[in-house]
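Structure first, then comments.
The values are calculated or read from the model by the stated rules, or taken from the named source; none is laboratory data. Predicted model only: the values in this text are computed from it and were never measured. Glycine gets a Cβ as well: all are built from the backbone with ideal geometry, and neighbour counts include every protein chain shown.
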There are 2 protein chains.
Amino acid sequence: MYVEQADRQQLQRWQEELSANHRNFVSSKLNLDLTRGKPSANQLSLADALDGILQGNYVSDEGVDTRNYGGLDGLPAMRQLAAEILGVNSDEIMVGGNSSLTLMYFSVLFAWQFGLSGPDSAWRHEETVKFLCPVPGYDRHFAICEEFGIEMVNVPMNDNGPDMDAVEALIRNDSSIKGIWCVPKYSNPAGCIYSAATIERLAGLGTIAATNFRVFYDNAYAVHDLVDKPAELANIREFCERHGTEDSVLQFGSTSKVTFAGAGVAFMAASKTNLSAMKKHLGIATIGPDKVNQLRHLKMIGTMAELRNHMARHAELLRPRFACVLKHLEENFRDSDLGEWSSPDGGYFISFDTRPGLANAVIQLAAEAGVKLTPAGATFPYGKDPDDKNIRLAPSFPTVEDIDRAMAVFCNAVKLASVNQQLEA
Amino acid sequence: MYVEQADRQQLQRWQEELSANHRNFVSSKLNLDLTRGKPSANQLSLADALDGILQGNYVSDEGVDTRNYGGLDGLPAMRQLAAEILGVNSDEIMVGGNSSLTLMYFSVLFAWQFGLSGPDSAWRHEETVKFLCPVPGYDRHFAICEEFGIEMVNVPMNDNGPDMDAVEALIRNDSSIKGIWCVPKYSNPAGCIYSAATIERLAGLGTIAATNFRVFYDNAYAVHDLVDKPAELANIREFCERHGTEDSVLQFGSTSKVTFAGAGVAFMAASKTNLSAMKKHLGIATIGPDKVNQLRHLKMIGTMAELRNHMARHAELLRPRFACVLKHLEENFRDSDLGEWSSPDGGYFISFDTRPGLANAVIQLAAEAGVKLTPAGATFPYGKDPDDKNIRLAPSFPTVEDIDRAMAVFCNAVKLASVNQQLEA
């Protein structure tokens, strides 16, 4: 279906047919949801052995009684595992709480209020503070910026990651830029893996940016592959070492989408300067993270081999769901001018771009027919997609049958909205 | 031993004798520690059944899959339990994370940065922000103030709680006072229980203070009684209702000293206005608290009766430790002018006041003899005890035998320092 090449009569025929389909969907009163980037119950059950795994032994291999206070750094073995996941040394790791988002929030907070490299580096002293936001991106990153009144500047995403020409040019011209949000592997929602060249240029930003600039490198999907031989993510820490920019990158990760979404273990990697600032301030805010849960995790996925085996079982559950979405998209839009989409090798999302100006209309049509989609604009700062075209599809949570029904509705909505637009043009 | 009434000869005889004792202690190379207000391994073991208690069922009675994201408020049943502990309605409760200190930190942070009653109420807009600090008090409260540059004003503690005449006079005269730290039951370290009259006056502060003033009411030892029939703490919420000051009090509690110190469940109670501000901002910083751990707690201590039974077992372990400290203090100082101390019915500390100007000297003597005590001044803002007399003794962690040996050293150190001082006078 090529709406641009169709004549008015053809478009009207399509409109009738698609509207009839749509009315059928509406009358069948579906109640489906493709919004939630969260694991299904079956995925969570892969880690059900966590509760009880300690068999009464709460003392870590290093002799720490995990039940008591303390341990702001995390258990040594947990730091080691996190170091392997993020590709750093274990003394560059801090393990904390159940949410990497909280570690990102604290990082922004401490950089804002106290400064990560001394009091003079605190962002609150600056007249304006800006962050670069590769778009489409993750709404919870943007929400942190909005919370602190940090101005967000859109940067385009390419297949290899953020448009680094644009990023470097912006940073060179504007020292009020203090950060950039990155999801380097299976980028949320675009699904791409940043290329080695992109990652080296991100590591190089520390040489051209203000000294209190930080790359917020949210490696949320570090081990979340859908394919057997995934492309490898280049190691940003090695590039930082080469450029002498170790202080300019903060990495984040967690087991939220490995074990339990709400009861996993979060961690961050940073230079000793950054970590010592983080710990100084975090030590005021907490009596230490839940080490018992860290120990549970070590018993279940304490080595990279155990972790990879565990993730392979997630992939088995996720693959048919992603395949179902992609099958619908290919069948409906392969030969069309109606949309473009990603086919990621991992992560949690498929990103779909409608023709410009249609995302909101598609989402409304789908909602009428009982299919909930992520609100238009959610993947952009301030909730504003300038082209009104990006839609994030999250297939992890529903069953394959529900995805199948939801995608039939979705594809019809895309076609109908496109035809409507063309007729109005 | 009354040093004030002793003549020089008597003092010199004592000095010789006490110095000889001290040298003996030093040569026996003890390594004892009375600094740590944390549960002993035996206490922690009372909750060892927590891991595995779910027996594979991660769904709460209300049908929540605790493994997944969400639930910023906490599980309904956990809110109900917290409400009973703190004496409020369950819709005035938020359950979050493993550390009530973190909830206090976030409360100060949000009040500072964003305001708990609208943006205009943010403390950062004020020229000066002050907190009243009843002393002696809890060093971690004071550390939060210091972190944000909040000026701390000492207020004396009486047996019934803070000196409320002083508190009210200060607040009436100074609208830059935005908070007061309170540990109303088994006050840290003084051990007293605030009287009903004190609590009513605390609830009344909202009628005379600035609208963005808050009582930080850290009810850390709400169920931590050592005696069978403890005095009851008056309900501050009821007084607030009577005075129309519901927005002026934030209450905090946790199971850190009920189950696992580092892996318990923390909660706070506040008016709907305060809670909605807390949740608005906390929702940016987290994907929700660990609900699996909440469910574990509900299975073990889900009712007040189960909780009280559990706490009675803690009391059995703590009572001989407190008794040992008190026995030494009574035997050595009952008939003396050398010190005063608390005999708390619960909590974690015994507070000892030396003669003015001696706390630091006593702590140094004890350290020479291998007994670690909390640093002098730690119970005061900025680490400065104006009278250099308060020493916080924490008997929960060591064995009774170790406490016995440590207290012999301590009492000798108090006597020796007192005699030395008197001879130099």
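Being in contact with a helix residue (DSSP H, G or I) (Cβ under 6 Å, 6 or more places away or on another chain), closer than 18 Å to B:Ile236 by Cα and buried (at least 24 other Cβ atoms within 10 Å of the Cβ) is the requirement here; does B:Ala111 meet it? So B:Ala111 does not fit the description; no. No other residue among B:Ser176, B:Ser107 is away from chain A (no Cβ under 14 Å), within 17 Å of B:Ala210 (Cβ to Cβ) and touching a residue at least 12 places away in the same chain (Cβ under 8 Å) apart from B:Ser176. Is there a residue being in contact (Cβ under 8 Å) with a residue 12 or more places away in the chain, more than 13 Å from every other protein chain (Cβ to nearest Cβ) and closer than 19 Å to A:Ala285 by Cα anywhere in segment B:71-79? Within segment B:71-79 (the criterion being in contact (Cβ under 8 Å) with a residue 12 or more places away in the chain, more than 13 Å from every other protein chain (Cβ to nearest Cβ) and closer than 19 Å to A:Ala285 by Cα), the answer is no, since none of the residues qualifies. Can you find even one residue in segment A:393-400 that is among the β-branched types (Val, Ile, Thr), in a helix (DSSP H, G or I) and buried (at least 20 other Cβ atoms within 10 Å of the Cβ)? No: zero hits.
Okay, residues lined up against (1) in contact (Cβ under 8 Å) with a residue 60 or more places away in the chain; (2) touching a Lys or Arg at 6+ places or on another chain (Cβ under 8 Å); (3) under 26 Å from B:Leu44 (Cα atoms):
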{"site": "B:Glu168", "(1), (2), (3)": "no, yes, no"}
{"site": "B:Ile171", "(1), (2), (3)": "no, no, no"}
{"site": "B:Trp181", "(1), (2), (3)": "no, no, no"}
{"site": "B:Ser248", "(1), (2), (3)": "no, yes, no"}
{"site": "B:Gly253", "(1), (2), (3)": "yes, no, yes"}
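The single condition among (1) away from chain A (no Cβ under 14 Å); (2) touching a strand residue (DSSP E or B) at 6+ places or on another chain (Cβ under 9 Å) that B:Glu16 does not satisfy is (2). Being assigned to a loop (DSSP other than H, G, I, E, B), assigned by TED's automatic domain parsing to the domain that holds B:Ile93 and under 27 Å from A:Tyr69 (Cα atoms) is the requirement here; does B:Lys279 meet it? Considered against the rule, which asks whether it is assigned to a loop (DSSP other than H, G, I, E, B), assigned by TED's automatic domain parsing to the domain that holds B:Ile93 and under 27 Å from A:Tyr69 (Cα atoms), B:Lys279 comes out as no.
Scanning segment A:43-53 for residues that are surrounded by fewer than 19 Cβ atoms within 10 Å (Cβ to Cβ) and facing chain B (nearest Cβ under 7 Å) returns A:Asp48, A:Gly52. Among the conditions (1) within 15 Å of A:Ala285 (Cβ to Cβ); (2) over 20 Å from the mean Cα position of the chain (by Cα), A:Tyr105 misses just one, which is (2). Within segment A:110-137, restricting attention to residues that are of a type outside the set (A, V, I, L, M, F, W, C) and within 14 Å of chain B (Cβ to nearest Cβ), the residue that is nearest to A:Tyr382 (Cα to Cα) is A:Arg124. Looking across segment A:245-292, the residues that are touching a Ser or Thr at 6+ places or on another chain (Cβ under 9 Å) and polar (S, T, N, Q) come down to A:Thr245, A:Ser248, A:Ser254, A:Ser256, A:Ser271, A:Thr273, A:Asn274, A:Thr286. Within 14 Å of another protein chain (Cβ to nearest Cβ) and either without any contact (Cβ under 8 Å) to a residue 24 or more places away in the chain or of a type in the set (Asp, Glu) (or both) - does that describe any residue in segment B:185-193? No; the residues of segment B:185-193 include none that is within 14 Å of another protein chain (Cβ to nearest Cβ) and either without any contact (Cβ under 8 Å) to a residue 24 or more places away in the chain or of a type in the set (Asp, Glu) (or both).
Residue-level analysis places B:Thr259 among those that are within 9 Å of another protein chain (Cβ to nearest Cβ) and more than 19 Å from B:Thr66 (Cα to Cα).
Annotation: of all residues in segment B:220-256 being of a type in the set (Val, Ile, Thr) and more than 16 Å from B:Val95 (Cα to Cα), the one that is nearest to the other protein chains (Cβ to nearest Cβ) is B:Val223. The set of residues in segment B:154-175 being among the β-branched types (Val, Ile, Thr) and within 17 Å of B:His141 (Cβ to Cβ) consists of B:Val155, B:Val167.
Taking segment A:251-268 as the range and being among the small types (Gly, Ala, Ser), within 15 Å of A:Val183 (Cβ to Cβ) and part of a loop (DSSP other than H, G, I, E, B) as the test, only A:Ser256 passes.
When each of A:Glu62, A:Glu127 is tested for being surrounded by fewer than 24 Cβ atoms within 10 Å (Cβ to Cβ) and either of a type in the set (S, T, N, Q) or under 30 Å from A:Asp174 (Cβ atoms) (or both), the lone residue that passes is A:Glu127.
Scan segment B:131-145 and tell me whether some residue there is charged (D, E, K, R), more than 25 Å from B:Glu241 (Cα to Cα) and surrounded by fewer than 16 Cβ atoms within 10 Å (Cβ to Cβ). Within segment B:131-145, none of the residues are charged (D, E, K, R), more than 25 Å from B:Glu241 (Cα to Cα) and surrounded by fewer than 16 Cβ atoms within 10 Å (Cβ to Cβ).
May I ask you to say which residue of B:Ala413, B:Ala323, B:Ala361, B:Ala367 is crowded, with 21+ Cβ neighbours inside 10 Å, out of contact with any strand residue (DSSP E or B) (no Cβ under 7 Å at 6 or more places or on another chain), not in a loop (DSSP other than H, G, I, E, B) and not basic (Lys, Arg)?
Going through B:Ala413, B:Ala323, B:Ala361, B:Ala367 in turn, the sole match is B:Ala413.
For segment A:54-67, the tally of residues that are free of Cβ contacts under 8 Å to residues at least 12 places away in the same chain, more than 7 Å from every other protein chain (Cβ to nearest Cβ) and small (Gly, Ala, Ser) stands at 1.
Matching residues to (1) assigned by TED's automatic domain parsing to the domain that holds A:Glu151; (2) touching a strand residue (DSSP E or B) at 6+ places or on another chain (Cβ under 7 Å); (3) surrounded by 14 or more Cβ atoms within 10 Å (Cβ to Cβ):
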site	(1), (2), (3)
A:Leu329	no, yes, yes
A:Arg334	no, no, no
A:Ile350	no, yes, yes
A:Gly377	no, no, yes
A:Phe380	no, yes, yes
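For segment B:277-302, filtered to residues that are over 28 Å from A:Glu147 (Cα atoms) and more than 10 Å from every other protein chain (Cβ to nearest Cβ), the residue that is surrounded by the fewest Cβ atoms within 10 Å (Cβ to Cβ) is B:Lys299. Based on what the data block shows, is A:Arg79 of a type in the set (Lys, Arg) and surrounded by fewer than 18 Cβ atoms within 10 Å (Cβ to Cβ)? No: the conditions fail for A:Arg79.
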